[in-house]
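Read the structure below first, then the notes.
The values are calculated or read from the model by the stated rules, or taken from the named source; none is laboratory data. All values reported here derive from a predicted model rather than from experimental measurement. Cβ sites come from the backbone with ideal geometry, for glycine too, and all protein chains shown count toward neighbours.
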Amino acid sequence: MKQLLNLSIIALMLLAQGCSKEEDNITKVNPYGDGNGKAIIFVSIVTNPLPKNPFPLTLKIDGVAVGTISSGFNGIPTKSQLCDLSSSPSAEILVKKAGTYNFSLSGSAGSSNGVFTVVEGECKTTQINI
């Protein structure tokens, strides 16, 4: 009886070692590339009518010009709507290494400065209201 109990315990231990979650064996692929994330900086028009046309707006990341935003969204789009974009005149879509970056957005009506964070494998959005 004691031998049978020992064999049962050993069999249970072997079964437990052989079991693993299926997801442990799946390698997750980063859609933005190794170490990268997606950042979307977008403009929402919240003042209607605008007192002065602020467009185009030049976007600089860490002091380097990376693009121009030529219009704004009327209202605030959802994160999923933004993350599905491949291009938009109301947003700058960036794929960058994970980290924290400074931005400035400037045009004829003024400027805005801030910080945004890129997280590996994720899409993050930064909203600027005008």
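Quick notes on this structure:
- Identity of the residue in the range 90-103, of a type outside the set (A, V, I, L, M) and closer than 21 Å to PRO56 by Cα, that ends up surrounded by the fewest Cβ atoms within 10 Å (Cβ to Cβ): ASN102
- When we screen SER80, SER87, SER106 for residues that are without any contact (Cβ under 8 Å) to a residue 60 or more places away in the chain, hydroxyl-bearing (Ser, Thr, Tyr) and surrounded by 14 or more Cβ atoms within 10 Å (Cβ to Cβ), the only hit is SER106.
- Here the range 109-124 is the region considered, the condition is being of a type in the set (Ser, Thr, Tyr) and closer than 21 Å to PRO54 by Cα, and the residue that is surrounded by the fewest Cβ atoms within 10 Å (Cβ to Cβ) is SER111.
- Enumerated strands (runs of 3 or more DSSP E) restricted to the range 26-130, each holding at least 3 residues that are at pLDDT 90 or above, at positive phi and in contact with a helix residue (DSSP H, G or I) (Cβ under 7 Å, 6 or more places away or on another chain): none
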